[in-house]
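Right, one structure below, let's go through it.
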Amino acid sequence: SAALDYTAHFDGSFDTTYNELNRGGSSVCSFLYAPRNSISGQQLLSVHSNFSNDISLRKMKRKRFEKSSEHLDIFARALSEKLTGPWIEQVFSKRECIKFISSTDSDRCGCGRTASAHTPEALSRFTKVFSKSGNDESSAPEISARWTIAEHTYASKTDAFGTLEFLGGTHAHKAHYVRLGYDSDPADIMYLMEKVWQLEPPRLVITVHGGITNFEVQDRLGRVFREGLLKAAQTTDAWIITAGIDSGVVRHVATALDEAGISARMRSKIVTIGIAPWGLLKKREKLIGKGIVVPYDTHSFSSRSRLALLNDRHSYFLLVDNGTSGRYGADIILRKRFEEFIAQKQTLGCGTSRVPVVCAVLEGGTCTIRAVLQYVTNDPPVPVIVCDGSGRASDLLSFAHRYIQQDGMLPTEIRKQLLTLIGVVFRYSNISPEQLLDEILRCARHRDLLTIFRLGEKQQDVDHAILTALLKGQNLSPADQLALTLAWNRVDIARSDIFVDGQQWSAHALHNAMMEALALDRVDFVKLLLENGVSMKKFLTITRLEQLYKMEKDPNTIRHLMRNKSLKADGDFGLPEIGAAIEKLMGNAYKCHYTSRQFKNKYEKYRKKAMASRIPSFRNLRVSYGRDKSKTEDSKKSKAQQKRHKEHDEDEEPDFKYPFNELMLWAVLTRRRAMARCMWMHGEEPMAKALVAVRLFKCMSKEAANDYLEVEISNQLREFAEEFKAESLHLLDHCYQHDDTQTMRLLTAELPDWGHHTCLSLAVIANNKQFLAHPCCQILLADLWHGGLLIRSDFSIGVSAGYPVTRFQIFCMADACGCWSSTTFRWKFG
């Protein structure tokens, strides 16, 4: 009851405290904290001196240090390890009570601690609150005294951060933790997670609310909820945020990981963040230390204590301190502000779309109802998924959502029935049933944001309900919805809920989606967009192809190859340089069309056009302070020019005749096996594409082995080459079984897009012996041999007398592998 009383009091002042925190700007106590990218000057000098001394003591290893410093990411990581501790201390704080204020019915302070747990300074400021019936007039000034967090706590540098090592299982599971104040800046927390704890930015945030105490749900309902929650998190790279306490709804989240049979290593890839009250933890003094590793065995704690344990299925803990002990509520404000920061400030990748936040509710009490109300009335609002049948708050919200009318009210009989249910469910609550009913109805009126999951009502899972609720609850355009499903990699939702009959799509929206799908390596989305009418000839331009190459950040792909070939590697390379790298890999005097004179002339025109398009933007800067009227006229002219350019570009011929060939080369050079296979299956000349892929993958594997890169990369590239080798052989056999004559024509046809080689000569370059050993190739070589003899029959005596037989054989075999004249080919095959 004490916890409920405190929570009710805390919730009553929640809005006031929250508004006071936000009024100060993005940084709540910026005057107390150092910037996120700095430490105190004295510490900086000490770190710098220690670092310099360390180098001077290792002069014998100077070359090794210089080599490592060339890689800035490694050097920055090593330096950040030295700065992590000082940064966390400067930015995050702890809260301690500085004044003991007692009451008549308790010997405890308003912070929840006894007098012995306070410092002598806090006890020296002792104040006792008397009831209003007291007769002592001297106590009158102290009647209004009441313990508050703002006045009676003091913030100082945090003294607890490090790693928890959960014991008791087959393998020890580790989790990062930090003790921080309830008024911490959410931007600092995000920096801690992304830069210090090295977390990938989220594509979705699922915040789970529900009952604090343990509760039971139907077996099937609980299993479906847990499986859907886990699937939604895995498929979208989501962050799951919970209360972190080992009880109630948090246990259901942990059970989801156990039921899925996920190993400890794979579990670390599912980001589960627990935001828990510091003052509610058992034996929290063990966590005090800077950068320490704390063994944490949940079975070793006494079960009689009112305090709580941390759940061992979480990977990160934010332990929120507001100066209280043994009380709930310290985490409420920080959790709300942190989730709002993500929804308002964080973006998906390099785009402008915000990271969506969704709330999932299972069971729950009065605090859960109030949390749902805050979510649906937020700006931006947060969609809420309520699991009907799980009990208490969830069932009441589902009931109201089912029967609420268009005017936002309930029928008289239903209202009476719901009011009776509230009184029964929350009979021990200090909040009146009428007030709870009003809050429930305010939630139910947001029908577009409140999604009720009822087991067996629809043929869909919880993960589908979560993601579709996000799409419908944020009033997004179809293009934005497609961008979200792309980021989540949920092609099933895009197919069923976005690409619906009657939906009109602009070419610009589809092209942007295709560009994002290629960059993110979303093969299924590429196929879906092709099915829905995307023309690759109109999509693929020189600009977009160069952007795809420059987006690649993996140092072991195209940039590494270009650096080895003494080409530009500063990020300002173009397609001609990429063509030179392809020629080096292919060898055998292979000529890539990127390096041809015709393409270079076209490329120079493109570069000049691109530079000219930038000039107006600089010219506009000079008149940016002109009159509003001139600005409007200039903008109208600019828009008209852009429209004319767009219409002109649509009428122009495409930049690439065979766009799938160019994209397959890009996919091969950037080690995207599935994407390369997709581009091989679409477009023209599949046999030639497969043979070129075999050669490129083989040479890339050899380059990786020679440069002492990871052994896995070399082996992986070799496997890719074997896969395409098998595909080329299967394709040849398939063609030969259907039409042997056309297959021979296919093998000897000249391919201008592939250096004017033939499929037969490409197989020789790729050293594809199985391909050349196929009966079709053997028959063709025999026919070419005999055809050469028949053409030269008039000179057979002279040739036999003047030249050795071996040189004549070599001459004819060279013709067969690619130098075969068109006259001979027409004569032989008609």
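The values are calculated or read from the model by the stated rules, or taken from the named source; none is laboratory data. These numbers come from a predicted model, not from an experiment. All Cβ positions, even for glycine, are placed from backbone atoms using ideal geometry, and neighbour counts span all protein chains on display.
Summary table below
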read-out	value
Spans of helices (runs of 4 or more DSSP H) in segment 497-575 with at least 1 residues modelled with pLDDT of 85 or more	507-519, 523-531, 536-539, 542-551
Matching residues in segment 372-382 - criterion: being assigned to a helix (DSSP H, G or I) and surrounded by fewer than 23 Cβ atoms within 10 Å (Cβ to Cβ)	373, 374, 376
Those helices (runs of 4 or more DSSP H) lying entirely in segment 209-304 with at least 3 residues at pLDDT 85 or above	219-236, 249-259
Residue 360 small (Gly, Ala, Ser), under 27 Å from residue 181 (Cβ atoms) and crowded, with 20+ Cβ neighbours inside 10 Å	no
Only listed residue being part of a helix (DSSP H, G or I), at pLDDT 95 or above and out of contact with any Cys (no Cβ under 6 Å at 6 or more places or on another chain), chosen from 663, 621	663
Unique match (being at pLDDT below 90, closer than 30 Å to residue 394 by Cβ and assigned to a helix (DSSP H, G or I)) among 494, 465	465
Residue within segment 339-352 that is surrounded by fewer than 16 Cβ atoms within 10 Å (Cβ to Cβ), under 25 Å from the mean Cα position of the chain (by Cα) and of a type in the set (D, E, K, R) present	yes
Meets criteria (of a type in the set (Asp, Glu) and over 23 Å from residue 248 (Cα atoms)) for residue 395	no
Output for segment 709-755, where each listed residue is assigned to a helix (DSSP H, G or I), among the acidic types (Asp, Glu) and free of Cβ contacts under 8 Å to residues at least 12 places away in the same chain	712, 719, 722
Selection from segment 472-482 of residues that are assigned to a helix (DSSP H, G or I) and either buried (at least 22 other Cβ atoms within 10 Å of the Cβ) or of a type outside the set (A, V, I, L, M, F, W, C) (or both)	472, 473, 478, 480, 481, 482
Filter result for residue 496 (more than 25 Å from residue 609 (Cα to Cα) and either surrounded by fewer than 20 Cβ atoms within 10 Å (Cβ to Cβ) or among the acidic types (Asp, Glu) (or both))	yes
Of all residues in segment 428-459 being of a type outside the set (S, T, N, Q) and free of Cβ contacts under 8 Å to residues at least 24 places away in the same chain, the one that is nearest to residue 475 (Cα to Cα)	458
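Yes or no, residue by residue, for (1) of a type outside the set (Phe, Trp, Tyr); (2) within 29 Å of residue 670 (Cβ to Cβ); (3) not assigned by TED's automatic domain parsing to the domain that holds residue 663:
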{"residue": "701", "(1), (2), (3)": "yes, yes, no"}
{"residue": "711", "(1), (2), (3)": "yes, yes, no"}
{"residue": "737", "(1), (2), (3)": "yes, no, no"}
{"residue": "750", "(1), (2), (3)": "yes, yes, no"}
{"residue": "754", "(1), (2), (3)": "no, yes, no"}
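Here is a yes/no grid of residues against (1) surrounded by fewer than 18 Cβ atoms within 10 Å (Cβ to Cβ); (2) modelled with pLDDT under 85; (3) assigned to a strand (DSSP E or B):
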residue: 116; (1), (2), (3): yes, yes, no
residue: 138; (1), (2), (3): yes, yes, no
residue: 144; (1), (2), (3): yes, yes, no
residue: 162; (1), (2), (3): no, no, yes
residue: 174; (1), (2), (3): yes, no, yes
